[in-house]
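Peer 1: Before I ask anything, let me first share the structure, which is written out below as structure tokens.
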Amino acid sequence: MTTSTYLPDYPVSGFDDAEPRVITVSHAPVDQAFRHVTRLAGSFVLLIMVLVGTFLAVKATRAVKSVGIWEFLTTQEWSPETNHFGIAALLFGTVVVALIALVVALPLSLGGALFITEISSGFAKSVLTAAIDLMAAVPSVVYGLFGLVYLQKHMVPFAHWLSTYFGWIPIFKVNGADPKNPLPNDALYTSSSLIGGVIVSMMIIPIMTSMMRESFSRAPSGEREGAYALGATRWGMIRTVVLPFGRGGIIGGTMLGLGRALGETIAVYLILSPIFDINFHVLQNGGNTVAMTIALRYGEANDFTMSALMAAGLSLFLMTMAINFTASAIIARSRSGAESEA
Amino acid sequence: MSTVPNGGEFIGSTVIPTVHLTPRTSEPERVQFRPPLHQQLALPGAIIGGLAFGLLLGPVLGLIGTGWVPITSFFWMLATYAVLTRLTEDIQAVKDRFSGVMIASAGVVVVAALVLVVLFVLIKAAKILGSIHFSFLTTDMGLTGPLSPLSEGGVKHAIVGTLEQIGIALAISVPLGIASALFLNEIGGRYARLVRTVVEAMTALPSVVAGLFIYASVILLFTKQFNGFAASLAITVLMLPIMIRSADVVLRLVPGNLREAGLALGAGQWSTVRRVVLPTVRSGLTTAIILGTAHGIGETAPVLLTSGVTNNLNFNPFNGPQISMPLAALEFIKSPQPDMRTRGYATAALLLLLVLVLFVIARLIGGQQAGILTNGQLRRRAVRSVRDLARIESNHALIKAQLEERRRFHNPNEGAP
């Protein structure tokens, strides 16, 4: 049987100006209600974020106005009672602790994520994934307790060794330490930014690891196999396929970890001994962070000192939000198509 | 079907070729590639060598301190392994083995750190188990001074506070969180993408900032005093983004064709969500809620700023300070009294156990994937199915009878003798 196909000879004059029909979607009342309610819930989250910023800003204006913005950003001391305060030392201390935490956490979480996705399999894989999740759920006061009672004691000899042999590097210098003294004065080392940073690193490892693991596990298996087929070793495959593919996840996870480290309160509060100077000797006692100052000083607050704390909180809020929006922008760009239907 | 000369078969006009090979009676033995013995033994050998070297330098010869033994052993092991590999392999293989060892060590260090923290706190608490009595759970600190013996005082007030605060926080954040996650997934659009970005940024909202916010808004404007409700609001602010994010991840895994099947059967959006989407992800959502709870229970800084510190039992979250467990642990640890610190270890261990239990429950529930059922669920479904069968059959009989009746009505002559 033969059939022949007729090609319509469009455009026929008068037909090609046809408009596409307008598709109207009508939802049943219950569906409309569902859409409105969920939209409202989503908007509520936005509202909270806006409110957090607004409230802090409104409460902070009084203190910032009374010293002036420039003074507020550059003063190291914190004494609102005498109207002489600023966040220079606090911000510096916050960044130092967060950077130490990152330096420790980045190689460990990178290795941990690669271990989970590339080396372990089956039972070990699920145990490791669960352990990382559990690590994220351990309360910060438990980490603080661990740091205070266990880590301090065991980090001091290391800090002492570092300051003895590497004291000529400015950041490892400890004022008042005598390298020739056979009985080191431990009290010089116990409450340093280094120990605080190590504890914070334990708290940000899980979030960084799970972020990186997710992006590594999405590396396309075709390209992995291609690398193997070209004769790559496992490390060659990781270096040329997994790491470039997961770059967005690595950067994004690191920035999320950084944001978390900047805002960490209780563990740092238990370990650091507060000073209000810019102290870049990371092995030496004394350091400070914005979050810790808020937790320390809120109790003695009258209206004005509270307003100063609000200003400090606002600066912390703005800093973490800037870092996190950057992070989520990087992550979102690296996994285009995550929104598509599975 | 007929045979054709070249050994094929016809079906219609298609020739299906047949293969003229006698079936194999036995599989030939496969060639298996396994690394040679010297490669298999290189790593254990290097580990033993490294350990021996470290122990030799440390405890035996006394050249290095005990703290350096693991580090020295590790580096000696690395060097030995690299040299052993280099003897027989090329440089690429050495790089591969080296990176493998480094990656595995990072994994081991991460897990070891976690195990160390958990074991440390639990062992500290186990040591004092003898000196702490069951009354620790059933009394408060109201009448206990700083020098009172361990047999007096407890954390009942903190347990009550934690339960009430987390309860209120859950009552607010679960419906709100799931509704928001549904908005992100089921409705979508540009606005939903904006909300998703904000939620992701909000997961890292510093906890102390959440506390300050609630202090500035709820306490200064409305209640004018520390109370448990303000603390639960602060916990809500922190739990909400975590819950939305994990619910969002779970909802994203619902296969699109399930949703489309629901819509194709004529269900509206809401009925599809209620009857198809939510039942599919029930276990995942439960996991999300439990993990969010575990995070919320441990929050200390916002509670410190909003609920205040007290030694007394307070059942009313709307009036007066109400302490929670992490805050109580913090207060105990800050004290210089050894007995108070002991109470701090016990409280922290209690908190950690609570989180562990929640976590294990979450794993047990969330271990199963969407659409894959446990034995119990399969059994219940079979029971339901049997019940449905009976109903369908009775309906079937009913419809058959009605059809019969209608047919008879239309052709009264049919079936008549």
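Peer 1: Of all the residues that make up the range B:59-73, how many are of a type outside the set (A, V, I, L, M, F, W, C), under 22 Å from B:Val109 (Cα atoms) and open to solvent by less than 70 Å² (accessible area, probe 1.4 Å)?
Peer 2: Qualifying residue count, the range B:59-73: 4.
Peer 1: A follow-up question, please. Restrict the check to the range B:108-128 and report whether at least one residue is charged (D, E, K, R) and more than 37 Å from the chain's Cα centre (by Cα).
Peer 2: Initially, the range B:108-128 is screened for residues charged (D, E, K, R), giving B:124, B:127.
From what is left, the residues that are more than 37 Å from the chain's Cα centre (by Cα) are none.
Among the residues of the range B:108-128, not one is charged (D, E, K, R) and more than 37 Å from the chain's Cα centre (by Cα), which makes the answer no.
Peer 1: Could you identify the single residue in A:Leu145, A:Leu162 that is at pLDDT 85 or above and either open to solvent by 40 Å² or more (accessible area, probe 1.4 Å) or within 14 Å of chain B (Cβ to nearest Cβ) (or both)?
Peer 2: Answer to the check: A:Leu145.
Peer 1: Exactly one of (1) under 30 Å from A:Ile205 (Cβ atoms); (2) in contact with an Asp or Glu (Cβ under 8 Å, 6 or more places away or on another chain) is unmet by B:Thr139. Its number?
Peer 2: (1)
Peer 1: I've got another one for you. Please pick out the residue among A:Trp168, A:Trp161 that is closer than 20 Å to A:Ile100 by Cα and assigned to a loop (DSSP other than H, G, I, E, B). Talk me through it step by step, then tell me what you get.
Peer 2: Numbers: A:Trp161 fails: assigned to a loop (DSSP other than H, G, I, E, B).
One residue alone meets the criteria, A:Trp168.
Peer 1: While we're looking at this one, here's another question. Given the criterion more than 30 Å from B:Ser99 (Cβ to Cβ), modelled with pLDDT under 90 and within 9 Å of chain B (Cβ to nearest Cβ), identify the matching residue among A:His84, A:His27. If you could, list the steps in order and put the result at the bottom.
Peer 2: On the way: A:His84 fails: within 9 Å of chain B (Cβ to nearest Cβ).
Going through A:His84, A:His27 in turn, the sole match is A:His27.
Peer 1: I would also like to ask the following. Which of the residues spanning the range B:307-356 are more than 16 Å from B:Val160 (Cα to Cα) and open to solvent by 50 Å² or more (accessible area, probe 1.4 Å)?
Peer 2: Hits for the range B:307-356 are B:Glu331, B:Lys334, B:Pro336, B:Gln337, B:Pro338, B:Asp339, B:Arg341, B:Leu353.
Peer 1: Kindly indicate which of A:Ile199, A:Ile207 is within 11 Å of chain B (Cβ to nearest Cβ), in a helix (DSSP H, G or I) and under 18 Å from A:Leu128 (Cβ atoms).
Peer 2: Values: A:Ile199 fails: under 18 Å from A:Leu128 (Cβ atoms).
Result: A:Ile207 is the single residue among A:Ile199, A:Ile207 that is within 11 Å of chain B (Cβ to nearest Cβ), in a helix (DSSP H, G or I) and under 18 Å from A:Leu128 (Cβ atoms).
Peer 1: How many of the residues in the range B:307-343 are more than 30 Å from B:Lys224 (Cα to Cα) and either within 12 Å of chain A (Cβ to nearest Cβ) or in a helix (DSSP H, G or I) (or both)?
Peer 2: Narrowing the range B:307-343 to residues more than 30 Å from B:Lys224 (Cα to Cα): B:336-343.
Of the ones still in play, those that are also either within 12 Å of chain A (Cβ to nearest Cβ) or in a helix (DSSP H, G or I) (or both) are B:338-343.
Counting residues in the range B:307-343 that are more than 30 Å from B:Lys224 (Cα to Cα) and either within 12 Å of chain A (Cβ to nearest Cβ) or in a helix (DSSP H, G or I) (or both) gives 6.
Peer 1: List pairs: first residue in the range B:96-124 and more than 7 Å from chain A (Cβ to nearest Cβ), second residue open to solvent by 20 Å² or more (accessible area, probe 1.4 Å) and hydroxyl-bearing (Ser, Thr, Tyr) anywhere in the structure, Cβ distance under 8 angstrom, at least six positions apart or on different chains.
Peer 2: The qualifying pairs are B:Arg97/B:Tyr81; B:Phe98/B:Tyr81; B:Val101/B:Tyr81; B:Leu116/A:Tyr150; B:Lys124/B:Tyr345.
Peer 1: Follow-up question, since we're still on this one. B:Met141 passes all but one of (1) assigned by TED's automatic domain parsing to the domain that holds B:Asp339; (2) buried (at least 24 other Cβ atoms within 10 Å of the Cβ); which number fails?
Peer 2: Condition (1) is where B:Met141 drops out.
Peer 1: If A:Ala187 meets every condition in (1) within 13 Å of chain B (Cβ to nearest Cβ); (2) closer than 23 Å to B:Thr66 by Cβ; (3) open to solvent by 50 Å² or more (accessible area, probe 1.4 Å) apart from one, which number is that one?
Peer 2: (1)
Peer 1: Condition test on A:Phe317, is it of a type in the set (Phe, Trp, Tyr) and surrounded by fewer than 16 Cβ atoms within 10 Å (Cβ to Cβ)? Write out each step before concluding.
Peer 2: Working: of a type in the set (Phe, Trp, Tyr): yes; surrounded by fewer than 16 Cβ atoms within 10 Å (Cβ to Cβ): no.
No.
Peer 1: Quick one: which residue in B:Leu150, B:Leu119, B:Leu43, B:Leu55 is open to solvent by 50 Å² or more (accessible area, probe 1.4 Å) and under 30 Å from B:Ala349 (Cβ atoms)? Give the derivation first.
Peer 2: Details: B:Leu150 fails: open to solvent by 50 Å² or more (accessible area, probe 1.4 Å); B:Leu43 fails: under 30 Å from B:Ala349 (Cβ atoms); B:Leu55 fails: under 30 Å from B:Ala349 (Cβ atoms).
After applying the criteria, what remains is B:Leu119.
Peer 1: Please determine whether any residue of the range B:285-300 is part of a loop (DSSP other than H, G, I, E, B), assigned by TED's automatic domain parsing to the domain that holds B:Met340, open to solvent by 10 Å² or more (accessible area, probe 1.4 Å) and modelled with pLDDT of 85 or more.
Peer 2: Taking the range B:285-300 and keeping what is part of a loop (DSSP other than H, G, I, E, B), we get B:298-300.
Next, from what is left, pick out any that are assigned by TED's automatic domain parsing to the domain that holds B:Met340: B:298-300.
Those left that are additionally open to solvent by 10 Å² or more (accessible area, probe 1.4 Å): B:299.
Right, trim to modelled with pLDDT of 85 or more and you get B:299.
Scanning the range B:285-300, I find at least one residue that is part of a loop (DSSP other than H, G, I, E, B), assigned by TED's automatic domain parsing to the domain that holds B:Met340, open to solvent by 10 Å² or more (accessible area, probe 1.4 Å) and modelled with pLDDT of 85 or more, so the answer is yes.
Peer 1: If I filter the range B:365-375 for residues that are free of Cβ contacts under 8 Å to residues at least 12 places away in the same chain, assigned to a helix (DSSP H, G or I), open to solvent by less than 40 Å² (accessible area, probe 1.4 Å) and more than 10 Å from every other protein chain (Cβ to nearest Cβ), do I get at least one hit?
Peer 2: Looking through the range B:365-375, none of the residues is free of Cβ contacts under 8 Å to residues at least 12 places away in the same chain, assigned to a helix (DSSP H, G or I), open to solvent by less than 40 Å² (accessible area, probe 1.4 Å) and more than 10 Å from every other protein chain (Cβ to nearest Cβ).
Peer 1: Pairs, please: C-beta under 7 Å, at least 6 apart or cross-chain, first residue within 10 Å of another protein chain (Cβ to nearest Cβ) and under 18 Å from B:Arg193 (Cβ atoms) and in the range B:234-263, second buried (at least 22 other Cβ atoms within 10 Å of the Cβ) and of a type in the set (Ser, Thr, Tyr)?
Peer 2: B:Ile244/B:Ser180
Peer 1: Among the residues that make up the range A:268-277, is at least one of them within 12 Å of another protein chain (Cβ to nearest Cβ), buried (at least 24 other Cβ atoms within 10 Å of the Cβ), modelled with pLDDT of 85 or more and not in a helix (DSSP H, G or I)? Working first, answer last.
Peer 2: Going residue by residue through the range A:268-277, those that are within 12 Å of another protein chain (Cβ to nearest Cβ) are A:268-271.
Next, from what is left, pick out any that are buried (at least 24 other Cβ atoms within 10 Å of the Cβ): A:268-271.
When the remaining residues are screened for being modelled with pLDDT of 85 or more, the result is A:268-271.
Checking the rest, the ones that are also not in a helix (DSSP H, G or I) come to none.
Among the residues of the range A:268-277, not one is within 12 Å of another protein chain (Cβ to nearest Cβ), buried (at least 24 other Cβ atoms within 10 Å of the Cβ), modelled with pLDDT of 85 or more and not in a helix (DSSP H, G or I), which makes the answer no.
Peer 1: Among the residues of the range B:25-52, which ones are within 11 Å of B:Trp76 (Cβ to Cβ) and in contact (Cβ under 8 Å) with a residue 24 or more places away in the chain?
Peer 2: Answer for the range B:25-52, where residues must be within 11 Å of B:Trp76 (Cβ to Cβ) and in contact (Cβ under 8 Å) with a residue 24 or more places away in the chain: B:Ala46, B:Ile47, B:Gly49, B:Gly50, B:Leu51.
Peer 1: For the range B:288-301, name all the residues that are more than 9 Å from chain A (Cβ to nearest Cβ) and closer than 27 Å to A:Thr289 by Cα.
Peer 2: Correct list: B:Gly292, B:Gly296.
Peer 1: Further, regarding this structure: Taking the range A:87-117 as the search range and keeping residues that are of a type outside the set (A, V, I, L, M) and open to solvent by 30 Å² or more (accessible area, probe 1.4 Å), which one is nearest to the other protein chains (Cβ to nearest Cβ)? Walk me through it before giving the result.
Peer 2: Step one: filter the range A:87-117 for residues of a type outside the set (A, V, I, L, M), giving A:92-94, A:107, A:109, A:111-112, A:115, A:117.
Subsequent filtering for residues that are open to solvent by 30 Å² or more (accessible area, probe 1.4 Å) retains A:92, A:107, A:115.
Details: A:Phe92: 17, A:Pro107: 7, A:Phe115: 3 Å.
For the range A:87-117, the residue satisfying everything is A:Phe115.
Peer 1: Say whether the condition of being open to solvent by 60 Å² or more (accessible area, probe 1.4 Å) and closer than 23 Å to A:Tyr228 by Cβ is met by at least one residue in the range B:74-89.
Peer 2: yes
Peer 1: Related question: Among the residues of the range B:268-287 satisfying the criterion of being free of Cβ contacts under 8 Å to residues at least 12 places away in the same chain and more than 10 Å from every other protein chain (Cβ to nearest Cβ), which is nearest to the chain's Cα centre (by Cα)?
Peer 2: Start the filter on the range B:268-287 by keeping residues that are free of Cβ contacts under 8 Å to residues at least 12 places away in the same chain, which leaves B:268, B:270-271, B:274, B:278-279, B:282.
Subset that is more than 10 Å from every other protein chain (Cβ to nearest Cβ): B:278-279, B:282.
Numbers: B:Leu278: 18, B:Pro279: 19, B:Arg282: 14 Å.
In this case the residue turns out to be B:Arg282.
Peer 1: Scan the range A:199-214 for residues that are among the polar types (S, T, N, Q) and either surrounded by 24 or more Cβ atoms within 10 Å (Cβ to Cβ) or free of Cβ contacts under 8 Å to residues at least 60 places away in the same chain (or both) and jot them down.
Peer 2: Keep residues of the range A:199-214 that are among the polar types (S, T, N, Q), which gives A:201, A:209-210.
Residues satisfying the conditions are A:Ser201, A:Thr209.
Peer 1: Does the range A:217-248 hold any residues that are surrounded by 15 or more Cβ atoms within 10 Å (Cβ to Cβ) and among the hydrophobic types (A, V, I, L, M, F, W, C), and which are they?
Peer 2: Within the range A:217-248, A:Ala219, A:Ala227, A:Ala232, A:Trp235, A:Met237, A:Ile238, A:Val241, A:Val242, A:Leu243, A:Phe245 meet the criteria.
The values are calculated or read from the model by the stated rules, or taken from the named source; none is laboratory data. Note that the structure is predicted; figures quoted are calculated from it, not measured. So basically every Cβ, Gly included, is an ideal-geometry build from the backbone, and we count neighbours across all protein chains shown. Remember, those area values only see protein heavy atoms, side chains included, never the ligands or the DNA or RNA. Shrake-Rupley method; radii C 1.70, N 1.55, O 1.52, S 1.80 Å.
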